[in-house]
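A quick write-up on the structure given underneath.
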Amino acid sequence: MGISRPTVAQLRAFLALAEYLHFRDAAAALRMSQPALSGAVAALEEGLGTQLVERTTRKVLLTPAGERVARRAETVLAELDRLVEEVQAVRGMLVGPLRVGVIPTVAPYLLPVVLPRLAKEFPDLELSVHEEQTGHIVAELLAGRLDVVLLALPVPASGVTELPLYDEDFVLVAPAGFELGATGVAREALNDLDVLLLNEGHCLRDQALDVCREVGARAAAATYATSLATLVQLVSGGLGVTLVPETALPVETRRAPNLGLHRFAAPAPFRRVGLGFRSTSPRADEFEALAASVRAALSESAAAESGTAGSGTAGSGTVGPGAAPGIRPA
């Protein structure tokens, strides 16, 4: 019985299965149906004339042949992705497909500012956006399923080049009526407050915890949320306080009544947001251009809103990206 050459689709399906060792999870990662993935793996086994996976009731195990094929498939697909990247780099600046991963605490606040400029500046760009937590988009980037990621720096992995975009301060959001002083709030004030956090997996949770640990403050152990929107609503309901990055204030505080916004005394806690891409990618010049376009979009937004935004002092209301004193070029 002869052996037929595997297709790229079969190799991608099998490599995802080898990574997740679960048909459902592998199918979800590739955004395909579970029967389609199972069929692709079965076709690969038939074409190679050998069993690659051992199917149990709970998970999938690789056979010795499967382990060898997985190693080879990873090399083959990495070279194919590199070939495509090199061709795209020759075709021109930001032309064709670009797969971008964005974390949830950046996507809804930055993308509305950035996407119109990208569409105008790079009309031949075919952009696809995937919103996931930091760990997931970094893993997808390193696996070659994303081209570039937009997230809080530093990137928690090696082999990734970082392009800083902007720094933004954290603002203390509390129920209206909290007496925290007319000037900047000292970080030590967190010692007397219940700080509400996002669920595990969000880098913003870790950053807020770091701020709390610096002054020995505790987080409210019983209350977590999956989004900034929920966190702010919980604060509005009087369950505690939270830390919100500057760019999220206009969107999230507009939806919740009875809030007070309080800026920290200098130096305020902040996060740095930037782009990350594989250090081996031949598209470094394109990602530099992408970063420059994002920075320009933020600058234009700041100029447009500076005449209508508030002064940004405690309790003065919300401000737009770049218009507040808490947002600075990185």
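The values are calculated or read from the model by the stated rules, or taken from the named source; none is laboratory data. Fair warning: this is a prediction, and the values are worked out from it, not measured in the lab. Cβ sites come from the backbone with ideal geometry, for glycine too, and all protein chains shown count toward neighbours. All accessible areas refer to the heavy atoms of the entire protein, side chains included, with ligands and DNA or RNA removed. Shrake-Rupley method; radii C 1.70, N 1.55, O 1.52, S 1.80 Å.
Observations on the structure shown:
- Test: residue in the range 166-181 that is part of a loop (DSSP other than H, G, I, E, B), of a type in the set (A, V, I, L, M) and closer than 21 Å to VAL215 by Cα: yes
- Each residue in the range 50-70 was checked for being exposed (fewer than 11 other Cβ atoms within 10 Å of the Cβ) and assigned to a helix (DSSP H, G or I), and 1 of them qualify.
- For the range 164-178, the condition of being of a type in the set (Val, Ile, Thr), under 30 Å from MET93 (Cβ atoms), surrounded by 20 or more Cβ atoms within 10 Å (Cβ to Cβ) and touching a residue at least 12 places away in the same chain (Cβ under 8 Å) holds for none of the residues.
- Residues in the range 84-105 that are at negative phi and over 26 Å from the mean Cα position of the chain (by Cα): VAL87, VAL90, ARG91.
- Lone qualifier among GLU45, GLU79 - being open to solvent by less than 90 Å² (accessible area, probe 1.4 Å), without any contact (Cβ under 8 Å) to a residue 12 or more places away in the chain and not small (Gly, Ala, Ser): GLU45
- Only one entry of LEU190, LEU196 meets the criterion of being in contact (Cβ under 8 Å) with a residue 24 or more places away in the chain, farther than 30 Å from PRO112 by Cβ and buried (at least 21 other Cβ atoms within 10 Å of the Cβ), and that entry is LEU190.
- Only residues that are in a strand (DSSP E or B) and over 15 Å from LEU163 (Cα atoms) were counted across the range 234-289, and they come to 12.
- Residues being within 22 Å of ALA186 (Cβ to Cβ), under 23 Å from the mean Cα position of the chain (by Cα) and open to solvent by 40 Å² or more (accessible area, probe 1.4 Å) - total across the range 207-259: 1
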